1. Which whole DSSP H helices in the chain pass both tests: a Cα extent of 15 Å or more along the axis and a mean Kyte-Doolittle value no lower than -0.5?
2. Counting each DSSP H run of 4 or more residues in the chain as -39500 (n - 2.57), what helix-only mean residue ellipticity at 222 nm follows after dividing by all residues, to the nearest 500 deg cm²/dmol?
3. Report, in listed order, any pair from Lys400/Lys746; Lys28/Lys577; Lys315/Lys455; Lys318/Lys424; Lys287/Lys746; Lys400/Lys457 with a Cα-Cα distance greater than 27 Å.
4. Under the √(5λ) rule applied to the eigenvalues of the Cα gyration tensor, what semi-axes describe the equivalent ellipsoid of region 60-198? Give them in Å, descending.
5. Between Glu139 and Lys601, with labels modelled 7 Å along Cα→Cβ, what's the label distance in nm to one decimal, could you check?
6. What does the extension gain come out to for Thr774 and Glu594, with contour length at 0.36 nm per residue minus their alpha carbon separation?
7. Would you please give the FRET efficiency between Glu197 and Glu248, computed as 1/(1 + (r/R0)^6) with r the Cβ-Cβ distance and R0 = 41 Å, to the nearest 0.05?
8. Grab the Cα-Cα distance for Glu124 and Glu725, subtract it from 0.36 nm times how many residues apart they are, and report the gain in nm with one decimal.
Amino acid sequence: MTVAVDHPANPAAGDEDRPIGYGRLQRKEDPRFVRGKGHYVDDIVLPGMLHGAILRSPVAHARLVSIDTAAALAHPGVVAVITGKDLLGLNLAWAPTLSADVQAVLVTDKVRFQGQEVAFVVAEDRYAARDALELIEVEYDVLPAVIDARQALAPDAPVVRDEIEGRTDNHIFDWEAGDAAETDAVFASADVIVSQEIVYPRSHPAPMETCGAVADFEPIDGTLTLYETSQAPHAHRTLFAIVAGIPEHKIRIVSPDIGGGFGNKVGIYPGYILAVVGSIVTGKPVKWVEDRSENLMSTSFARDYIMQGEIAATKEGKILAVRTNVLADHGAFNATAQPTKYPAGFFHIFTGSYDLQAAHCTVTGVYTNKAPGGVAYACSFRVTEAVYLVERLVDILAHKLEMDPAELRLKNFIKPEQFPYLNKTGWEYDSGNYERAMRLSMEIAGYDELRREQKEKRERGELMGIGISFFTETVGAGPRKHMDIVGLGMADGAELRIHPTGKAVVRISVQSQGQGHETTFAQIVAEEIGIPPEDIEVVHGDTDQTPFGLGTYGSRSTPVSGGAVALVARKVREKAKFIAAAMLETRPEDLEWEKGRWFVKGDPSVGKTIAEIAMGAHGTVTLPEGIDGNLDAEVTYDPPNLTFPFGAYICVVDVDPGTGHVKVRRFIAVDDCGTRINPMIIEGQVHGGLTDGVGMALMQIIEFDEAGNNLGGSFMDYLIPTAMEVPNWETGFTVTPSPHHPIGAKGIGESATVGSPPAIVNAIVDALSPLGVTHIDMPCTPARVWEAMQGRARPP
Ligand code: MCN
Ligand code: CUN
């Protein structure tokens, strides 16, 4: 069993755990989850509902010669079989992606990755639908596949997207950030330069619940109700209106309980569209839910970045500049979900937590015969790759300079007085105190003692490693003037209603997949207007019930929607003042606020609680001009900047010299996400993310053979970390509020997934350094570690 140890804040440093609005409140949503009463897409059963199943391509690259559906159609229970040809007739064969590309809903011309959607069967039950798939005869003319991104731009590489007019190669985009000339100049005069190719392999978010949808098209009035596993129901509605040509006000999207998203449920998959088409064609509701292999083989992957990194420093260890060229494998369709201006997401925060003179990166995106996607698995819009790159480079530099990696970091951190800090690629870091977090994690770890222990063990030939990672994230996209997805500005709405009896409903535009929004968003309202969280219902996940907003990913819920909720509550509080004044027959300026109540300045016994004011608002008192007879408000919050959470992680590993097996013995994580709403939920997010990190660092990869066969398409091959592989997490925290966020909070949902892999890999390399090992690519499976120990790097 895993027991977490949570260390208190560092009182000496002036930190205090000041969680807002009831702190460690137990999650309001858990009574239904722990009783098995959650309501997921697959729990939805509608009268007359049919079931869909997708025929997928067994090969990665092939011309589609013919499809014969006659036998499948004749199978008992089958109602319809839909092919790409049928979709061409409906103008639905191709759908726009989130990155201004198009993606095939069903194959019309050729298959571009293994597992791609070829045909859709609709039947009376799941079994009939699945059985009928086997009766569809497809003839493929198999083509050579391009699988390795390094080969994608070779002149003779097979062209994945030859359906695009005039396209003769697999190049998608070139993008850069920072100043190349300035960076080259700094490198030219540096004492020390280290270079390393660093690969962040393709991985997968693999949520417990796979993706699915239930589509219910009502032909009489032309309305579509779509239940789907979506992290962004409002954005999906707009896209469905555009793709399917159904007026937006006739579409209702419901995302009920979601069994984990981790980025997997940001995009719109062909299966969702096919469920809608199936419902339109048959006139009945249609359910489609994918199985595990379909999820692993065809939905949004993560990472797949090949990074050539270089870092320049003085011989005393002052880091001067970082530069990198990245090859980004986007698979067969560019379906990554990034803000439009940023095709490589927020990768250009690869300058990390250090005060540099210059930085430059280029990113080239390419098509390959692999599944599309690219934003997923707690990635903070590619901050994961960025942090991994810079934290590996800093460690390699420390090794070269024979400096302690903690000391090197401490020497180069951006200092507290430098915030707000404008980095060399254009980000303005809002606030931070890096040294404090680093020193706290070293104190919890007993860093000096660990180094002593390591020295002793090394003398005995034992392989113990200590790895550090310090990360800065950029989370909470917008502001909308800089950030949009398919033209939709990244802002979020909130509506708050206080009913006459003083009970409240807050409606939000983001969508929980397990993060506990029903609890924490109630806590924000409770803090701001002083009614208890149990009296506040949080409504989300239904476009008919909630205001427009861009949804949950990039840990943006607290930074953006949380800001909206704080502001809408303040708006209600302000309105309550005017109503209270009318009730008390006094002037609003004569009233003072204490949590939950407006009272007369100088006469605290005379006042009105929020509940009394709510009743008053709906009662008979004459309200001042311009004040409606309710205690409701709404806002749309467009954040002025992102928030920049950070953390200091230390990992201790033991490597078995005989087998290469890595045991993560200890892991210390100090996180700073500004003002903390619910410390228990934060710890849960951190524990989950650290576990993800162990998975990625040690076990997980979606690999392909040369023909494009996916070798990670089941949980037999794609390994999920369990309590067996992880240590007792030791967490701590510091609190550096965001100066621009209404309650000072920064995001936390992806921090640990972003920050932990480099700490683990740095620890492994540290353990192996007496053998001359300076780098090893993830996942550090026993085989790879053993090969590295023999001085045989694994062939790329
Ligand atoms: N929180 C808090 N105080 C803060 C910051 C956050 O109490 N200062 C709380 C929030 O109120 C929220 C939770 O922590 O209840 C996470 O908040 P936030 O950092 O805003 O992240 P989001 O809610 O936007 O969640 C998205 C993030 C992402 S992008 C991925 S990927 C991921 C993650 O959350 N997917 C998850 N954590 C997940 N956790 C679960 N259980 N399931 C997923 O699919
Ligand atoms: Cu990138 S995974 Mo989260 O942003 O949904």
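1. Membrane-span-like by this rule: 233-244, 270-282, 383-401, 434-445, 517-529, 563-584, 679-694, 751-768.
2. Values: 18 runs with 203 residues, N = 796.
Roughly -8000 deg cm²/dmol at 222 nm, from the helical runs in the chain.
3. Values: Lys400/Lys746 35 Å; Lys28/Lys577 30 Å; Lys315/Lys455 25 Å; Lys318/Lys424 16 Å; Lys287/Lys746 38 Å; Lys400/Lys457 22 Å.
Long pairs (Cα-Cα over 27 Å): Lys400/Lys746; Lys28/Lys577; Lys287/Lys746.
4. Details: eigenvalues 403, 49, 46 Å².
After scaling each eigenvalue by five and taking roots: 45, 16, 15 Å.
5. With each label placed 7 Å out from Cα toward Cβ, I get 8.8 nm.
6. On the way: separation 180, 0.36 × 180 = 64.80 nm, distance 5.90 nm.
Once the chain is fully extended between Thr774 and Glu594, it gains 58.9 nm.
7. Values: r = 47 Å, r/R0 = 1.14.
Approximately 0.30, to the nearest 0.05.
8. On the way: separation 601, 0.36 × 601 = 216.36 nm, distance 4.30 nm.
Gain in length upon complete extension: 212.1 nm.
Readers should treat all values here as calculations from the given coordinates under stated rules, not as data from a laboratory. All values derive from a computational prediction rather than experimental measurement. With ideal geometry, Cβ positions are generated from the backbone for all residues, glycine too; neighbour counts draw on all protein chains shown.
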